[in-house]
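See structure below.
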Amino acid sequence: MSFDAAYEALTDHDDDARWAYGTGFADPLAGVPTTVPANIDRGDLAAYCMMLGDDALIMSHRLQQWVTRAPELEDELAIANIGLDLLGQARLLLTRAGEVEGAGRDEDALAYLREPREFRHVPLAERADADFAHLTARLLVFATWRLALFDRLAASRDPMLAAIAAKGVKELTYHREYAAQWVVRLGDGTDLSHERMRAAMAAVGPLIGELLDPHEIERRLAVAGVAVDPATVRGEVEEVLAEVARAATLRPPVIPPPPTGGPAADDVSGAEPAGGRGRDGVHGEALTEILGELQGLARSLPGSVW
Amino acid sequence: MSDHDGIKHEWPLFEVFVRAKRGLNHVHVGSLRAADHEMALHHARDLYTRRNEGVSIWVVRSDDVVSSGPGDKDAFFAPSGDKAYRHPTYYAIPDSVPHI
């Protein structure tokens, strides 16, 4: 920067670039081809985009429910920002899902007009938080897992999925950091905060198993170089959670071991099918409540806009 | 705010300065409450750079800021009010001096 230009920058000649509104907004997907590369199963790809999109959509809704309920105004805004980031990811992924599916459904149709059975998110995303410690533990696990997935997904053979993941990595890095600093603060805090953070970390553990347990579709697409097999991020997730727990003077959550015996989705010989319960559309009561809020307006006033 | 078991119920106040992309200096943008400097930096990011404003943030505890009082106004600032010759524009600038 020359001496002249340096001082030029201090004067506000250019009205479009008033600093208070920020400058240099960019469309992260500009120029990314929307065609589906050859040899990729469109049905599988649409379903996979819906899985990742629904994780973000439902998690975002749970975060939005903290607005007006957060312990401090500053944290309320932080949680709302994270919810907005995830909503942005959900919009891109559901748009991609609709595009690839080719049945004329856009992001709104997928978010507002699907039945509970058609949602493919993991149970971690829909769990209600009993208190702020439960929220931070859940967000830490969610962001750690999703960041590990998106890091690898940025190399996907589907260019759109790769671009969405690359954008998401920066957001998720911050989400993980935000959650981690609260887990450490509460865990390594007073006797009361330590106890509540300990209980929250213990409660989130059982939900981690399903995050790392690949669905048949994820497995097929991973082989094709399109998706990430969630089993491959187990090491990173365990490592990050252990590191945060150590700093927080807590025990890391106990993660259920991977199911033995390989693909068992079609095995009806008694044992619980391996993987994909949430991914297969089986959800708890919580989803009914979430969709009641999320879809209520769109269903009672179809096509309404403002 | 009251104290309970020695825990302060209100976090200290911090002042936030953001450097814009095109700016050279950090500009005061507001204040916030946080438990410590690290949290203040996180909160500042979430409160004051949501619209793509900044490239750098400073936070400083408000009680570390020393300011001039309203009572000092005359003694501090009035004496410079009639000294126009302190402005560089007061003088004719020679052609051989390009940048002022």
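Laboratory data are not the source of any read-out in this text; all were calculated from the coordinates shown. Every value quoted in this text rests on a predicted model; they were computed, and no experiment measured them. Quick reminder, even Gly has a Cβ in these numbers, built from the backbone with ideal geometry, and neighbours come from all protein chains shown.
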Can you work out ³J(HN,Hα) from phi for every residue in segment A:83-90, in order, using Karplus 6.51 cos²θ - 1.76 cosθ + 1.60 and θ = phi - 60°, giving whole Hz and x for Gly and Pro?
x, 5, 4, 5, 4, x, 5, 4
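Give me the tail of P(r) for segment B:3-65 as a percent: Cα-Cα pairs with distance above 13 Å.
On the way: 1166 of 1953 pairs.
Result: 60 percent of Cα pairs exceed 13 Å.
Out of every Cα-Cα pair in chain A, what percent are more than 34 Å apart?
On the way: 12355 of 46665 pairs.
Taking all Cα-Cα pairs of chain A, the fraction more than 34 Å apart is 26 percent.
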B:Asp72 to B:His37: FRET efficiency via 1/(1 + (r/R0)^6), r the Cβ-Cβ distance, R0 22 Å, to the nearest 0.05?
0.15
Toward the positive end of the charge dipole of segment B:3-65, about the Cα centre and with charges on Cβ (Lys, Arg +1; Asp, Glu -1), which of B:Val29, B:Leu41, B:Leu13 goes farthest?
B:Val29
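Given +1 on the Cβ of Lys and Arg, -1 on the Cβ of Asp and Glu, and no further charges, what dipole in debye does segment B:3-65 carry about its Cα centre, rounded to the nearest 20? Display every interim value, and only then the final one.
On the way: 9 positive and 10 negative charges, 126 e Å.
That gives segment B:3-65 a dipole magnitude of about 600 debye.
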Per residue of segment A:129-136, in order, report the coupling 6.51 cos²θ - 1.76 cosθ + 1.60 (Karplus, θ = phi - 60°) as ³J(HN,Hα) in whole Hz, putting x for Gly and Pro.
8, 6, 7, 5, 5, 4, 4, 5
11 Å reach of a label modelled at A:Glu293, 7 Å along Cα-to-Cβ, counting backbone N of segment A:37-79:
A:59-69
Spelling it out for A:Ala227: with amide H atoms placed in the peptide plane at 1.01 Å from N, the residues 5 or more places away or on another chain with amide H under 5 Å from its amide H are A:Ala222
Among the aspartates and glutamates, which have Cα under 14 Å from the Cα of A:Lys167 when same-chain residues fewer than 8 positions away are ignored?
A:Asp27, A:Asp85, A:Asp151
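Could you please report the charge total around B:Thr49, scoring K, R as +1 and D, E as -1 over all other residues with beta-carbon less than 12 angstrom from its beta-carbon? Walk me through the numbers on the way to the answer.
Values: positive: B:Arg19, B:Lys21, B:Arg45, B:Arg50, B:Arg51; negative: B:Asp46, B:Glu53.
So the surrounding residues net to +3.
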At R0 = 25 Å the Cβ-Cβ FRET efficiency linking A:Val67 and A:Tyr112, nearest 0.05, sits at 0.80
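For the residues A:Met160, A:Met59, what sequence is obtained by ranking on other C-beta atoms within 10 Å, fewest first?
On the way: A:Met160 23, A:Met59 28.
Placing the least packed residue first, the sequence is A:Met160, A:Met59.
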Which trypsin sites (Lys or Arg not before Pro) does segment B:1-97 hold that lie in a coil by DSSP with at most 11 other beta carbons within 10 Å?
B:Lys83
